[in-house]
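The values are calculated or read from the model by the stated rules, or taken from the named source; none is laboratory data. None of these values were measured; they are calculated from a predicted model. We place every Cβ from the backbone using ideal geometry, glycine too, and count neighbours over all the protein chains shown. Accessible surface areas use protein heavy atoms only, side chains included; no ligands, DNA or RNA. Shrake-Rupley method; radii C 1.70, N 1.55, O 1.52, S 1.80 Å.
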Amino acid sequence: MEVQTLKYPAIRNYVGGSAAEPAGAATMDVFSPLTGAVISTVPLSSAATLDAAVVAAKAAFPAWAATPIKERVQIFYRYKTLLERDMKALADLVREENGKTFDEARAEVEKAIELTEFACSMPQLIQGEFLEVSKGVEARAERKPLGVVASIAPFNFPNMVPHWTIPNALVLGNTMILKPSEQVPLSAVRIAELLKEAGLPDGVLNIVNGDKRIVEAICDHPDIEAVSFVGSTKIAKVVYIRATSNLKRCVALGGAKNHLMVLPDAHPDMTASNVAASMSGCAGQRCMAGSTMVGVGAVDGIVAKIVEEARKIVAGQNLGSVISKEAKERIEQHITEAEAAGAKVLLDGRHAVVPGHEDGYYVGATVIDFVTPDMRIAQEEVFGPVLAIMRTNTLDEALAIENANPYGNAAAVFTSSGSSARYVMDHAQAGMIGVNIGVPVPREPFSFGGWGDSKFGACDITGKSSIEFWTQLKKTTTKWNPESRVNWMS
Ligand code: NAD
């Protein structure tokens, strides 16, 4: 029998500081979407495997939580330098398993560094409160970790999304189970190895690979205190309901349908390059992608420039692949359906082929005009390099389209009018708003999180808001001087 040698060794779990073979687990092939080749395998672990990881995380918790935060952050200062040292190798890994371009993959690692830097500022941010609340009586409030927490990740940012949760949750004293997407499990292994090299004690971060069974087991596990999830809205809802019904904290980020409202007074060149980059960056597989544009009034000239810009985005060159054969088929089906429903395909990315990578999963940049709000392409998340353009006469009509959508991740306006921009800032029902910016990701220390069906749960997943999620307040009232003059509290 021929023994197949894969480019990367079979992925294993990571428990208590070393690689762990999940007993009896079935495995799944990991494909590189760039070529369609199998590059590794990933275990589909059982609930029993999760138990072992939770035991390790629970055992590591007391010593980690008792380590002063100023010592905990030293590990992350060192870790940041390791991310910088290994930037190219980490970006190559992201590119290989996810299919994005090298520049996009490197930007993802740069963002991971920024997230790590933010976590290093945590001692300054979580300094407690103290007050003499009554004569001789002092109250103080301190932020304490929750215990073992879990982080469940999607396929589209194999390096960055784990960094939305790992640095903040760990610096704040929690121990963690990470469940990467089974489609992109390679980057997580390196993250764990680099954290160990930086000095993270064994058991503080554990990785359990698998599919929905592990996610369900995480939601049900009695020793996991909080669950963060990033993925599609359908699964985010399931996870939020299951985790909270088991009395856990949960923040679950879902999908998106972000509208870019383009006014006739927008700067044509800047708008065209921003809109084209927003819809096609990371092959449109970003929850912040501007997948729908609403042109208000006379914007034909700007639309023509957008098509011109999109034409320069070429699959296999400055446009990566989508994640799978199924994703490619789904995206192309969306385009075909929209065309059949009467929309006009101005630039057609169907059946893109990259020479030398004929089996890769590529969809070319696509621009479709005269889409109407009732079409499926205007309503569902396409998650590919496709821009659907709708037309309205007024900004209020554009806002009505944006706000009728159940998602609420991001919305943006392109205009040179301050009052129009302000109007959108006030009236768009989304958690992240852009003015003349197509991908309005809030950078640290601002937090990341949408509204509506794009996020379930009270806190955002990053930035200052995440501090509330990953900690609980301990309030202590003390009196050390029994001789002090008493009042009602003394
Ligand atoms: P997904 O929902 O299919 O998978 C996410 C995670 O859930 C994976 O770890 C997967 O193993 C697990 N999962 C899949 N099916 C499950 C089920 N039935 N029960 C329990 N767990 C299950 O998402 P994806 O395809 O990996 O990622 C793309 C989606 O993620 C898009 O919708 C995108 O918009 C969204 N996303 C959102 C944000 C955000 O910030 N809002 C960020 C990144 C990605």
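Among the residues making up segment 333-350, those that are of a type in the set (Val, Ile, Thr) and either within 16 Å of the ligand (Cβ to nearest atom) or within 23 Å of residue 273 (Cα to Cα) (or both) are 335, 345.
For every residue, the table says whether it meets (1) within 22 Å of residue 282 (Cβ to Cβ); (2) surrounded by 15 or more Cβ atoms within 10 Å (Cβ to Cβ).
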{"site": "348", "(1), (2)": "yes, yes"}
{"site": "353", "(1), (2)": "yes, no"}
{"site": "356", "(1), (2)": "yes, no"}
{"site": "364", "(1), (2)": "yes, yes"}
{"site": "368", "(1), (2)": "yes, yes"}
{"site": "376", "(1), (2)": "no, no"}
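Quick grid of which residues meet (1) farther than 16 Å from residue 149 by Cα; (2) within 14 Å of the ligand (Cβ to nearest atom); (3) open to solvent by 10 Å² or more (accessible area, probe 1.4 Å):
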| site | (1), (2), (3) |
| --- | --- |
| 179 | no, yes, no |
| 205 | no, no, no |
| 215 | no, yes, yes |
| 226 | no, no, no |
| 237 | yes, yes, yes |
| 242 | no, yes, yes |
| 252 | no, yes, no |
| 271 | yes, no, no |
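Taken as a whole, the condition of being more than 19 Å from the chain's Cα centre (by Cα), under 18 Å from residue 207 (Cβ atoms) and in contact (Cβ under 8 Å) with a residue 60 or more places away in the chain applies to residue 148.
When restricted to residues that are at pLDDT 95 or above and over 24 Å from the mean Cα position of the chain (by Cα), segment 40-51 contains 1. Residue 5 - would you say it is surrounded by fewer than 21 Cβ atoms within 10 Å (Cβ to Cβ), more than 19 Å from residue 209 (Cα to Cα) and under 25 Å from the mean Cα position of the chain (by Cα)? Judged against the criteria, residue 5 is not a match.
Hey, any hits in segment 443-457 for a residue that's away from the ligand (no atom under 12 Å from the Cβ) and over 20 Å from residue 117 (Cα atoms)? So far as segment 443-457 goes, no, none of its residues is away from the ligand (no atom under 12 Å from the Cβ) and over 20 Å from residue 117 (Cα atoms). Annotation note: Cβ proximity below 6 Å between a residue of segment 180-197 that is assigned to a helix (DSSP H, G or I) and a residue that is of a type in the set (Asp, Glu) (sequence gap 6+ or interchain) occurs for 186/97.
For segment 64-91, the set of residues classified as surrounded by fewer than 15 Cβ atoms within 10 Å (Cβ to Cβ) and closer than 26 Å to residue 21 by Cα consists of 89 only.
Starting from residues that are of a type in the set (A, V, I, L, M) and out of contact with any strand residue (DSSP E or B) (no Cβ under 6 Å at 6 or more places or on another chain), keep the ones in segment 379-418 and report whichever is farthest from the ligand (Cβ to nearest atom). The residue in question is 400.
When 173, 199 are checked against the criterion of being within 14 Å of residue 73 (Cα to Cα), among the small types (Gly, Ala, Ser) and in contact with a Phe, Trp or Tyr (Cβ under 7 Å, 6 or more places away or on another chain), a single residue qualifies: 173. Is there a residue in segment 175-187 that is out of contact with any strand residue (DSSP E or B) (no Cβ under 8 Å at 6 or more places or on another chain) and of a type in the set (A, V, I, L, M, F, W, C)? For segment 175-187, residues out of contact with any strand residue (DSSP E or B) (no Cβ under 8 Å at 6 or more places or on another chain) and of a type in the set (A, V, I, L, M, F, W, C): absent. The lone criterion from (1) in contact (Cβ under 8 Å) with a residue 40 or more places away in the chain; (2) closer than 21 Å to residue 277 by Cα left unmet by residue 353 is number (1). When segment 378-393 is filtered for residues that are open to solvent by 60 Å² or more (accessible area, probe 1.4 Å) and either among the polar types (S, T, N, Q) or out of contact with any Lys or Arg (no Cβ under 9 Å at 6 or more places or on another chain) (or both), the ones remaining, listed by number, are 379, 391, 393. The requirement of being within 23 Å of residue 442 (Cα to Cα), within 16 Å of the ligand (Cβ to nearest atom), part of a helix (DSSP H, G or I) and open to solvent by 10 Å² or more (accessible area, probe 1.4 Å) is fulfilled somewhere in segment 152-162, by at least one residue. A search for C-beta distances below 6 Å between a residue of segment 236-258 that is among the hydroxyl-bearing types (Ser, Thr, Tyr) and any residue that is at pLDDT 95 or above and open to solvent by less than 80 Å² (accessible area, probe 1.4 Å), counting only pairs 6+ apart in sequence or on different chains, returns 240/250; 240/252; 240/456; 244/250. The single residue among 172, 186 that is outside the structural domain of residue 326 (by TED's automatic domain parsing), more than 16 Å from the ligand (Cβ to nearest atom) and surrounded by 22 or more Cβ atoms within 10 Å (Cβ to Cβ) turns out to be 172. Note on segment 315-332: residues that are over 20 Å from residue 277 (Cβ atoms) and either loosely packed, with under 14 Cβ neighbours inside 10 Å or of a type in the set (Phe, Trp, Tyr) (or both) amount to 2. A single member of 463, 452, 418 is at positive phi and surrounded by fewer than 20 Cβ atoms within 10 Å (Cβ to Cβ), and it is 452. All conditions but one from (1) farther than 24 Å from residue 161 by Cβ; (2) within 11 Å of the ligand (Cβ to nearest atom); (3) not β-branched (Val, Ile, Thr) apply to residue 421; the one that does not is (2).
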